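Asker: One structure is given below, represented as structure tokens, and several questions about it will come after.
The values are calculated or read from the model by the stated rules, or taken from the named source; none is laboratory data. This structure is a prediction, so every number in the text was calculated from the model and none was measured. All Cβ positions, even for glycine, are placed from backbone atoms using ideal geometry, and neighbour counts span all protein chains on display.
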Amino acid sequence: MATSTGMARMLRDLSSRSGPGLISGDPLECARILGVDGVAVSLATDGALSELVWSSPGASEHLEDEQYTLGEGPGVDAVGSCSVVVEPDLTRVRPDRWPVLLPTLNGIGVDALFCFPLRIGGVCLGVLTAQRSTVGPLSAVAMDDALILAAALTAVVLDGGERTALFATAEAGAQLHRAAVHQASGMISVQAGVSVAQALVLLRAHAYRHELPLLRAAEDVVARRLRFRDIGDGPDPSFERRG
């Protein structure tokens, strides 16, 4: 397996770690090299997507947020199975595979998806997702490039201290994409008397029910405009809005 000239340059940028944040390099240039419209990298915690750390603007970022909110999609599957997920034509995907996500993808113009896990042994640290607005497979060269890039990104994440260092940075005040979601989950956990994992489910359900981006719902919780409550027998799926 060999990289293209363009990807070789991309890998040198990644290994230099000269850019800000966990991952250096231009995601738009990466997308151009792979022959897609956009790319994104999300990290994973306990087998689920947890933090978007690198992405091209627009549809890729939207896609990652939707998968995180809904808990379904190709990136979720890639993390869960720790294997490559390739869907070159989303019109051929069974509607019951991602029943809520598929209509959203049609609305944002995503017609092909390619997900590559960032894995070390049997552990998946995250996923590299490439998306395109036209159907069709990646070229053989692009597939090789994406697989090699995923391996390089895994090394970058490990070199950065894995996910523990990333979230320690968040606690120190860095503006991670979903820092508000992590903070809101902790607040809801206390308010509703549930685990942090259950709190995230409540937050996702609220965002989905009210057609809000998950980050917007989280910001409402952090700003204390939105409060969940414990009614004794378990968390109340309703909420208290203030202000």
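Asker: Scan the stretch 1-24 for residues that are in a loop (DSSP other than H, G, I, E, B), more than 17 Å from MET143 (Cα to Cα) and at pLDDT 70 or above and jot them down.
Answerer: Answer for the stretch 1-24, where residues must be in a loop (DSSP other than H, G, I, E, B), more than 17 Å from MET143 (Cα to Cα) and at pLDDT 70 or above: ILE23, SER24.
Asker: If I filter the stretch 135-154 down to residues being small (Gly, Ala, Ser) and either in contact (Cβ under 8 Å) with a residue 60 or more places away in the chain or not assigned by TED's automatic domain parsing to the domain that holds VAL110 (or both), which single residue comes out as surrounded by the most Cβ atoms within 10 Å (Cβ to Cβ)? Spell out how you get there, then give the answer.
Answerer: Just the residues of the stretch 135-154 that are small (Gly, Ala, Ser), to begin with: 136, 139-140, 142, 146, 150-152.
Now restrict to residues that are either in contact (Cβ under 8 Å) with a residue 60 or more places away in the chain or not assigned by TED's automatic domain parsing to the domain that holds VAL110 (or both): 139, 142, 146, 152.
Working: SER139: 12, ALA142: 18, ALA146: 26, ALA152: 20.
Here the residue is ALA146.
Asker: Could you count how many residues in the stretch 51-94 are part of a loop (DSSP other than H, G, I, E, B) and over 21 Å from CYS30 (Cβ atoms)?
Answerer: Count: 7.
Asker: Select from the stretch 187-203 the residues that are modelled with pLDDT under 80 and assigned to a helix (DSSP H, G or I) and write down the one among them that is farthest from THR69 (Cα to Cα).
Answerer: My answer is VAL196.
Asker: How many of the residues making up the stretch 109-121 are farther than 18 Å from VAL79 by Cβ and under 16 Å from the mean Cα position of the chain (by Cα)?
Answerer: Residues meeting the conditions: 1.
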